[in-house]
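Data block below; observations after.
None of the figures in this text is laboratory data; all of them are computed from the coordinates on show. Remember, it's a predicted structure, so these values are computed and weren't measured experimentally. Positions of Cβ are generated from backbone atoms using ideal geometry, with glycine treated the same way; all protein chains shown enter the neighbour counts.
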Amino acid sequence: MFNKILIANRGEIACRIIQTARRMGIRCVAVYSDADANARHVAMADEAFHIGPAASSESYLRSDKIIEIARQSGAQAIHPGYGFLSENTDFAEACEANGLVFIGPPSSAIAAMGSKSAAKAIMEKAGVPLVPGYHGADQSPDLLRSEAETCGFPLLLKAVAGGGGKGMRVVESMAEFDEALAAAQREARNAFGNPDMLIERYLTQPRHVEIQVFCDQQGNGIYLAERDCSVQRRHQKVLEEAPAPGLSDDTRKAMGEAAVRAAQAIHYVGAGTVEFLYDVDGSFFFMEMNTRLQVEHPVTEMVTGQDLVEWQLKVAWGEALPLRQDQVRTRGHAVEARIYAEDPDQDFLPATGTLRYLSTPDESAHVRVDTGVTEGDEISIHYDPMIAKLIVWDDSREQAVNRMVQALEQYRIAGLKTNIRFLHATVDSQPFREADLTTDFINRHDALLFPKSRLDLDKALVLAAGFVLEQRKSIEPVTADPWSPYGRRNSWRMNSEYAQPLALQVGDDIHELKILERDDRYQVFVGDSVYHLNARLDEDYLQAVINGHRISVHGNLHDDELVLFYEGDTFKCTVYRETYGAEELAGEGSLAAPMNGAVVAIQAKVGDQVSTGQTLVIMEAMKMEHAIKAPADGVVSDIFFAEGDQVSEGAELIAIDTGEAE
C-alpha cells in the first residue's frame, strides 16, 4: 500500500480523504492557496505546500505545480478528489508520465466520458438507453436550431464538457432558443473552456437516479446500490438519498447492470457514477458518467457499510475489489443535505462571509458531518460555497427523514446566509416525506419550501430582548457588593420604577420595547402588549418562559447583531442605535450587485431606453451566471463598472432614470 499520497484538492473532500488515509497509515500531503493558508485540510495533513494565489486557475488547477510538489514531497500517488483536476485527461496522463499513480480511472476513460456527445455514442453501442436528441460535433447555429426543431420542446441545452449544472439551460420554445444558447455557450466557455452543446428532449417529470460503480485493474466491475438525487436547484443537487425510494428490485438490477456495462465499455478503473433519468413509466435513460468520487458518496457508504475512499486507494494500489456483486448488502436508509452559503430567498444566490458562529449536531452512528471549515473561517468568492454535508442514517426512510429534520435544527450558523432553513422546510414537507420526487421538486412545491417564520414576531422580540439582557448580565463587572444596583446595566433608578428602552431593528422596521426588570424576571412591553418573561442564558442557550409558555432557543449576539435559532428557523435583528444612521445603499432606479462576483457582460449603454425585465448586466459568481434586470422602464443614465471588473455585494452597477421613459 502507498505510504504517502498528495491530495490535489481542498475543503471537505480533502479532509474526507485524509481521514481514511490516516486510518490506513498513509501520510498525506496537502496543497493550499493564499485563501486557504489556515484551512482545516491544511491543519489535518501531515505536511502542506503553498501552491499559489486564491484564484483556482493559479493554484488548484496548476497541474504542473501539483506534480512538482508531489515529486518534491515523495508522494507516490495523487488523489484529485472531485472538481478541479479530477476529470482532467491531461493531468491523469501527466501523473503517469511522472511516475505518479493517479487515484482515479485511466485517462482514456476520462476522455471517453468527458465529452457528453462521445459518451452517448459509446453508451448506445453498449446497449445503454439514451434520451432522444442531438449529440453531434457540428455546432453551427443553424444546425443546432434545426436539431432543436426536430427534437421538440421543451428541450435541454447541455455543455458537452460540463457538469454541476453549468452551461445548462431549459428552453421552452424556439423564441427562447438563441438567447439561451448564447448564455449556455458563454457559461460553458468560462467554466470548461469549451462552448460546444448537446441537445436533449427535456423530460418534464423525471427523477435523477444514479448508480455507484466500482471497477478494478483485474477487469471486475460491480455496482453499490443507487442514489436518488432529484431535489435540485439550478440543476445542482441539494438532497441525496440511498436507496432510491419506490424502485422495484428488477429496476434496480437493470439499472445497476446497465451502469456496469457502461463502465466496462470504456475499461474503467476505480469509483465512478452513472447517472440516469428515471421516468414516471419506469423507463430510464443514460445521462452522463462522472469519472470520479461523487459529492454524495457518503449516503452509499452509510447503507453499504463500505468506505469508498479506502476502496479507491486499494484499487489504485492494484488490489482486487473487496466484494463480489453477490456479496454487496444494503441496510437501512441514508439522506444527505448539502449546506451552502447562499440565499434561497434570492434564487439561491451564492453568499460570502465569515462563519462567525458555528454549532453542529453531535456525530454518531446515525449522524455524520463532512466539512472543511471551522468557526471563524471565511466563505469566499473563489470557491464553491458549500459549507458542509450533513448525512443521517436510520433503519427506514421515515426514521432517516425524522433524524435529518432534527439534525438540521441542531446545525446553527451566524455570520452569513445559508440554506439550512430551506433544507429543513424541504425535508419536513409532506411531498418529500411521501417521496413525491422529481427534478423540478423545488419549483412544484415552492409555497411549502419557503414558509413564514415559525416564531410570532412579538414573541421573537421578547426572546431577543431576553437574550440581550441576559448576556449583558453575564458580562457585568464583579463589584465588592454583589447586591449593589450600581453595578447593573439595567438603567436602575433610586426611588422609582424605570422601564429601560430597547430598540430592535428587524429588516427596515424598528421596534421600541420597554423593559422592567424585577429580580429574576422581566416585564416586556411590545406596543400595547405586556409579556412576563423569565429567562436564563447558558452560553448560547436561552431557556425562557413567556406568559407561562416555556420555550428554548439558541442564539448568537455579535456587535449588536443577534440571530436566534428555533426549530430550524432563524430570527435576525439588530440592537438599534440612532448613531447607526440607516442610509439607503441605492437610489430609485439604480441596480446593485446581489453578491460578490465578476461582471461578464454589459448589455446596455448610457442613453439606451430600457424596459422592465430587460437584462442589463450579467454577473458571474462561483462559475454561475446571474442576470441583473431593469426594475422599471427608463433610460440608462450611468454605468459604474466594465466587463471583467470584480464587484462587491451591494455595489451600484448601473443607474436608470425612470423619469425619462416614454
Binning at 10 angstrom from zero up to the longest distance, how are the C-alpha pair distances of the chain distributed in percent?
3, 14, 22, 25, 18, 11, 5, 2, 0, 0
Sorted by Cβ neighbour density within 10 Å, fewest at the top, the residues V369, V392:
V369, V392
Tell me the relative contact order for the chain as a rounded percent, counting alpha carbon contacts under 8 Å between residues six or more apart.
9 percent
Over the residues of the range 590-660, compute the C-alpha Rg and express it relative to 2.2 N^0.38 Å.
1.01
With N denoting the number of residues in the range 207-449, provide Rg(C-alpha) divided by 2.2 N^0.38 Å, to two decimal places.
1.01
Report, in whole Å, the centroid distance computed from the Cα atoms of the range 613-662 and the range 181-246.
33 Å
With 10 angstrom as the radius, rank F177, F640 by how many other C-beta atoms surround their C-beta, starting from the fewest.
F640, F177
Any idea what angle helix 397-409 forms with the longest principal axis of the chain, computed on alpha-carbon atoms, 0 to 90 degrees, nearest 10?
50 degrees
Note, ³J(HN,Hα) from phi for the range 445-451, Karplus 6.51, -1.76, 1.60, rounded to Hz, x at Gly and Pro:
10, 3, 5, 6, 8, 10, x
Against the longest principal axis of the chain, how steep is helix 308-317, in degrees 0 to 90 to the nearest 10, with axes from Cα atoms?
40 degrees
How many times 2.2 N^0.38 Å is the alpha carbon radius of gyration of the range 241-296?
1.15
For helix 174-192, report the angle its Cα long axis makes with the longest principal axis of the Cα atoms of the chain; keep it between 0 and 90° and round to the nearest 10°.
90 degrees
Quick one: order F284, F276 by neighbouring beta-carbon count within 10 Å, fewest to most.
F284, F276
Kindly provide the Kirkwood hydrodynamic radius of the range 132-201 in Å, to one decimal, from all pairs of distinct alpha carbon atoms.
11.6 Å
Of K116/K253; K120/K237; K4/K237; K65/K314, which sit over 30 Å apart, Cα to Cα?
K4/K237
Obtain the radius of gyration and the Kirkwood radius of the range 21-104 from its C-alpha atoms and give Rg over Rh.
0.93
Go ahead and estimate [θ] at 222 nm for the chain from helices alone: -39,500 (n - 2.57) per DSSP H run with n ≥ 4, summed, over the residue count, rounded to 500.
-7500 deg cm²/dmol
Surpassing 24 Å at the alpha-carbon level, of the pairs K389/K629; K514/K572; K125/K166, are K389/K629; K125/K166
Counting only DSSP beta bridges with both partners in the chain, the antiparallel fraction in percent, to the nearest 5, comes to 90 percent
